[in-house]
Structure formats: structure tokens, C-alpha cells
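This report refers to the structure that appears directly beneath it.
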Amino acid sequence: MTGNHEYYSGYQPWVTELERLGLHYLHNENTRIAHGSDTFTLAGVTDIAGKAFDDGPDMERALSGRVGPTVLLAHQPVQAEKAATLGVDLQLSGHTHGGQLWPFHYMVRAAQPAVSGLSKVDNTWLYVTNGAGTWGPPVRVGAAPDISVVELTTG
């Protein structure tokens, strides 16, 4: 999946490099993940910013043919609103940098359903990581950087 900054800097070289490295880029598509007798669908959509580059998100296409619980990779948390209407179980996002600088998190919260951590949008769980980087000034106040590890279990 892409984020907004890949589009601002030219997304195709990023995608080409990921594929060269052997990584499967989920471009409005999904893949099944099986572990023992458990199977879930991992789907990925392009970022909203891709619309301006004729590469916008197509959530219906990304979710077609899914099997079992569905985990959606979508850069912006705001995409969880549509994901919830389509029955996604968990959306993993970034984009917000956890608000990065106080009081910037108030503006982020006005545009996104969540700034950081685990929350729910209707019946869809949403996890938003602060990420390890910054946007603009290389400073964080009140939004520690993180690299999240998500462990999925049956239950």
C-alpha cells in the first residue's frame, strides 16, 4: 500500500523497488494468509492522495473474494469509515505521526477518526501507529515514535 508522501515524490519508483526486493505490494488487492487451520485476508489499498495521480483507493476491489477475518492496510485512518461499511475486522494505519507536535494533534483529530493507538469505528477495529519518522520539523512533542508489532491470534 502507498502513503501520501510516495505520491508527492513519485510513487512508481517506490513500487518498482519494493517489487525488485521481492515484496508483494498490495495495490487495491488482497492475499490470503494461512496458519495451520486458520485463514484470514490481508488487503491493501492505495492512499487517498493517489486520486490526484489516477491511482486512488478501490476498497471494493481490494476486498473482493476475501476469506475469513479481514485485515486492511490503509495509510490514513479516515479510510476506516468506508472499511467499516464493508465489514473489515481490523484496519492498520499510520499517517498521523501521533499528532507529532502539541497542539497539532487537535487538527489531526479533526480530520481523522483516531490519532494514535487502538480504537473502533463502528464494528471495525482501527490501530494507528505513530510511526518512527516525522513530517516537517524533525521534532516530536507528546507523540513518541514507535514501531508497532501486531500479533493476531484466533479467539
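For residue 119, all conditions in the list (1) of a type in the set (Ser, Thr, Tyr); (2) in contact with a helix residue (DSSP H, G or I) (Cβ under 6 Å, 6 or more places away or on another chain); (3) within 22 Å of residue 146 (Cβ to Cβ) hold save one; what is the number of the exception?
Evaluating residue 119 over (1) of a type in the set (Ser, Thr, Tyr); (2) in contact with a helix residue (DSSP H, G or I) (Cβ under 6 Å, 6 or more places away or on another chain); (3) within 22 Å of residue 146 (Cβ to Cβ) leaves (2) as the failure.
What pairs come out if I take residues in segment 5-25 that are in a helix (DSSP H, G or I) and pair them with residues that are hydroxyl-bearing (Ser, Thr, Tyr) and open to solvent by less than 80 Å² (accessible area, probe 1.4 Å) whose C-beta lies under 7 Å away, six or more apart or interchain?
11/2; 15/25; 18/25; 19/25
Give the number of residues within segment 136-155 that are β-branched (Val, Ile, Thr) and open to solvent by less than 80 Å² (accessible area, probe 1.4 Å).
Within segment 136-155, residues that are β-branched (Val, Ile, Thr) and open to solvent by less than 80 Å² (accessible area, probe 1.4 Å) number 3.
Looking only at residues in segment 73-127 that are in a helix (DSSP H, G or I) and of a type in the set (Phe, Trp, Tyr), which one is surrounded by the fewest Cβ atoms within 10 Å (Cβ to Cβ)?
106
Return the residue satisfying two criteria in turn: it lies in segment 20-67 and is small (Gly, Ala, Ser) and open to solvent by 40 Å² or more (accessible area, probe 1.4 Å), and of such residues it is farthest from residue 84 (Cα to Cα).
This residue is 22.
With the checklist (1) open to solvent by 60 Å² or more (accessible area, probe 1.4 Å); (2) assigned to a loop (DSSP other than H, G, I, E, B) in hand, flag the one item residue 133 doesn't pass.
(1)
Name the pairs: first residue in segment 128-148 and free of Cβ contacts under 8 Å to residues at least 60 places away in the same chain, second residue loosely packed, with under 15 Cβ neighbours inside 10 Å and not in a loop (DSSP other than H, G, I, E, B), Cβ to Cβ under 9 Å, at least 6 apart or on different chains?
So the pair list comes out as 128/117; 128/118; 129/117; 130/117.
The values are calculated or read from the model by the stated rules, or taken from the named source; none is laboratory data. In this text, all values refer to a predicted model and were calculated from it rather than measured experimentally. Reconstructed Cβ throughout: ideal geometry from the backbone, glycine too, with neighbour counts over all protein chains shown. The area values use the complete protein model at the heavy-atom level, side chains included, leaving out ligands, DNA and RNA. Shrake-Rupley method; radii C 1.70, N 1.55, O 1.52, S 1.80 Å.
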